[in-house]
Amino acid sequence: MASMKAWFEGPFTRLGLSTALVTFLVDQSHKLWMLKVYRIEDRGRVRITPFMDLVHVINPGISYGLFAQDGRSGQLILTAFALIASVALALWLARGATSVLTAISIGFIIGGALGNALDRVHLGGVADFFSLHAFGFYWYVFNIADVAIVAGVCGLVYDSLVSSRKDAANGH
């Protein structure tokens, strides 16, 4: 067991996993509030700004409804993929994270992936609420977990570009 623990311990593990936990809790709290307190299903489309509405959509797929899985087994496959990806990211966090930005970014992705995975188990798809639109064009509907995943990916890309520039400047 000690050797397994060593695989998942690193200098930034606590920060990344704390970020994942907070992300997961914020996402799930928001979803619970939207469904049980605000009762978005009963309200239909609620205009917040000229470019954003609140709606309720269950997305049976991944981004933009890709790989939609209407059946329970399909949702469980997508859930398993999210869980495997989260474990792989936790390994990266422990073994390869070299900065605070990397740890926080990985934490955002893990927390978002687990939040959406829990939706798949309980709701049969991911609960999405935010609808952006302009000039009659509607983008996809998303949730806080999706925002965290995108922020995490952007953080990792930024960190890799900054690291690459530093390495190039140092002649590596």
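Tell me, which residue of region 35-68 that is open to solvent by less than 60 Å² (accessible area, probe 1.4 Å) and part of a loop (DSSP other than H, G, I, E, B) is modelled with the highest pLDDT? Top of the filtered list is TYR38.
Summed over region 21-47, residues that are among the acidic types (Asp, Glu) and farther than 23 Å from PHE108 by Cα total 2.
Scan region 11-25 for residues that are in a helix (DSSP H, G or I) and either farther than 17 Å from ALA145 by Cβ or out of contact with any helix residue (DSSP H, G or I) (no Cβ under 6 Å at 6 or more places or on another chain) (or both) and jot them down. Those that are in a helix (DSSP H, G or I) and either farther than 17 Å from ALA145 by Cβ or out of contact with any helix residue (DSSP H, G or I) (no Cβ under 6 Å at 6 or more places or on another chain) (or both): THR13, ARG14, LEU15, LEU17, SER18, LEU21, VAL22, LEU25. Entry remark, region 1-34: residues being modelled with pLDDT of 95 or more and either farther than 30 Å from VAL57 by Cα or basic (Lys, Arg) (or both) number 5 in total.
One residue stands out in region 89-133 among those that are open to solvent by 30 Å² or more (accessible area, probe 1.4 Å) and part of a strand (DSSP E or B): the one that is nearest to THR79 (Cα to Cα), namely PHE130.
The values are calculated or read from the model by the stated rules, or taken from the named source; none is laboratory data. These figures come from a predicted structure and were not determined experimentally. Note: ideal-geometry Cβ built from the backbone for every residue, glycine included; neighbour counts use all protein chains shown. All accessible areas refer to the heavy atoms of the entire protein, side chains included, with ligands and DNA or RNA removed. Shrake-Rupley method; radii C 1.70, N 1.55, O 1.52, S 1.80 Å.
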